1. From 237, 250, which residue is surrounded by 15 or more Cβ atoms within 10 Å (Cβ to Cβ) and modelled with pLDDT of 95 or more?
2. I'm trying to understand the selection: among the residues of the range 90-136, which are closer than 25 Å to residue 168 by Cα and either among the basic types (Lys, Arg) or not assigned by TED's automatic domain parsing to the domain that holds residue 171 (or both)?
3. Pull up the range 19-39, narrow it to residues that are assigned to a helix (DSSP H, G or I) and aliphatic (A, V, I, L, M), then point me to the one that is surrounded by the most Cβ atoms within 10 Å (Cβ to Cβ).
4. Give me the pairs, please: first residue somewhere in the range 69-86 and at pLDDT below 85, second residue anywhere and in a strand (DSSP E or B), beta-carbon distance under 9 Å, and either six or more positions apart or on two chains.
5. Which residue out of 8, 16, 42 is of a type in the set (A, V, I, L, M, F, W, C), assigned to a helix (DSSP H, G or I) and in the same structural domain as residue 190 (by TED's automatic domain parsing)?
6. Taking the range 266-297 as the search range and keeping residues that are within 15 Å of residue 252 (Cα to Cα) and at pLDDT 90 or above, which one is surrounded by the most Cβ atoms within 10 Å (Cβ to Cβ)?
7. Tally up the residues in the range 218-234 that are of a type in the set (Ser, Thr, Tyr) and surrounded by fewer than 17 Cβ atoms within 10 Å (Cβ to Cβ), please.
Amino acid sequence: MSFESLGLAPFLLRALAEQGYETPTPIQQQAIPLVLAGHDLLAGAQTGTGKTAAFGLPLLQHLGTSPQAVNGPRRPRALVLTPTRELATQVHDSLRGYGKYLRIPSTVIYGGVGMGNQLDALRRGVDLVIACPGRLIDHMERRSVDLSGIEVLVLDEADRMLDMGFLPSIKRILAKLPKQNRQTLLFSATFPESIKQLAMEFMRHPREVQVTPQNTVAETIAHRVHPVDTARKRELLLHLLSQDARVQTLVFAKTKHGSDKLATFLEKSGVQAAAIHGNKSQGQRQRALSDFKAGKVKVLVATDIAARGIDIDQLPRVINFDLPMVAEDYVHRIGRTGRNGSSGEALSLVSQEDAKYLRQIVRLLDRDMDIRDLPGFEPQVPIRWGNSAPGKAEVPGGQQPPRRHARRPHGDAPRHAHAGPKKHGGGPRNGGGQAAPGGGQRAQHGRGRGHGGQRAPA
């Protein structure tokens with residue numbers, strides 16, 4: 001399937017061709033025709049599936065082929081809401097690239113910077129606004145933005161916006177939008193009950209598409225777990241990074257303060273590192289991200305929320321210094337590696353207090369995890385995995401938990417945290433006592449990509 005077959009206008013096809021995009025991703029194949037036909041849409045799509053183009057291309061086509069009725073000052077016609085400043089900037093940049101042959105004035109609105117430039121853009125008049133909910137509310141209260149002319153609304157990463165507490169702000173914004181003749185597009189990696197209620201309240205007979213089954217990960221990612229005492233996590237991280245200092249690595253920490261401390265520790269240890277989180281200024285975050293993408297910084301330490309806007313095609317390694325407390329966030333984290341069919345590593349440093357989070361992740365993914373002691377970093381006391389392994393409830397007779405086996409001659413020999421009973425027909429395991437890359441069972445569904453090695457738009 002080609003972009004031409006989706007019904008996109010020539011001015012969009014020309015821009016896509018110049019950027020080297022030839023084959024639409026599954027979310028683009030399914031969503032674009034529905035959006036062009038005017039339907040409201042509920043789309044299940046994670047970061048890295050090409051969702052920005054899935055809503056952005058038909059949105060631009062609508063703006064470019066349906067001129068605004070001239071009636072007073074120019075008001076925004078399309079609004080894209082995103083959870084973070086980084087994602088807002090990324091979406092704005094992508095849409096400007098796709099719409100390079102259109103004259104569609106746009107602006108991006110987010111907090112952490114002065115309002116002057118945003119006010120100037122809104123006064124001049126724009127057709128398209130990409131915004132974070134908090135700063136958009138500020139503009140609404142100042143009456144510097146008029147949302148009464150919105151024709152298309154996009155909620156991007158809706159689950160993350162609700163996780164961040166934006167539901168009241170989103171409802172305030174929605175209350176100011178026209179109820180008639182408005183198309184609403186909601187993109188979310190997961191669909192908790194709060195998302196479904198929001199859709200029922202503000203959408204009209206939405207069509208639904210789901211391109212990646214929930215909580216599946218690319219098959220090209222190797223998952224490894226390294227047990228370690230909490231007090232020695234920093235040492236182990238430094239050891240892993242020193243094995244190949246050229247490999248760019250995204251490291252996840254639990255807190256903003258912890259991110260800063262970890263980045264400072266790495267810098268003092270001779271590792272080029274930077275931290276990115278919500279307390280950093282917009283300039284600091286963009287500079288850190290630019291340096292990381294350019295290879296000036298080899299290690300970027302991030303919190304979950306700050307990392308949502310990080311989009312790097314060839315990121316070889318993600319390290320979970322702290323495991324996420326919500327198992328679904330593991331999927332979001334490691335989704336930044338193993339893209340476009342390339343291989344990637346997802347390493348997790350697991351101490352006793354992390355064991356319960358690892359059980360949740362293994363249960364969610366329904367796959368084994370390769371657990372390896374690293375010589376010199378074994379926990380002083382074996383990790384207690386608990387009375388039951390993830391998936392034990394479904395195992396007749398009770399499968400043993402992922403516990404410490406007798407020490408093998410080589411400290412890095414693999415063990416596995418089991419996901420439960422194996423499905424028949426799943427293929428043979430590697431023989432010879434050495435785990436296959438990724439440590440055990442592979443996920444059955446990878447992230448869809450275009451054929452011929454051609455990257456599809458973000």
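The values are calculated or read from the model by the stated rules, or taken from the named source; none is laboratory data. These figures come from a predicted structure and were not determined experimentally. FYI the Cβ positions are ideal-geometry reconstructions off the backbone, even for glycines, and counts take in every protein chain you see.
1. Among 237, 250, only 237 is surrounded by 15 or more Cβ atoms within 10 Å (Cβ to Cβ) and modelled with pLDDT of 95 or more.
2. Correct list: 135 only.
3. 31
4. Once the first residue is at pLDDT below 85 and sits in the range 69-86, its partners that are in a strand (DSSP E or B) give 86/276.
5. Testing whether each residue is of a type in the set (A, V, I, L, M, F, W, C), assigned to a helix (DSSP H, G or I) and in the same structural domain as residue 190 (by TED's automatic domain parsing) leaves just 16.
6. 275
7. 1
Matching residues to (1) outside any loop (DSSP other than H, G, I, E, B); (2) not assigned by TED's automatic domain parsing to the domain that holds residue 330:
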residue: 180; (1), (2): no, yes
residue: 187; (1), (2): yes, yes
residue: 191; (1), (2): no, yes
residue: 198; (1), (2): yes, yes
residue: 236; (1), (2): yes, no
residue: 241; (1), (2): yes, no
residue: 244; (1), (2): no, no
residue: 254; (1), (2): no, yes
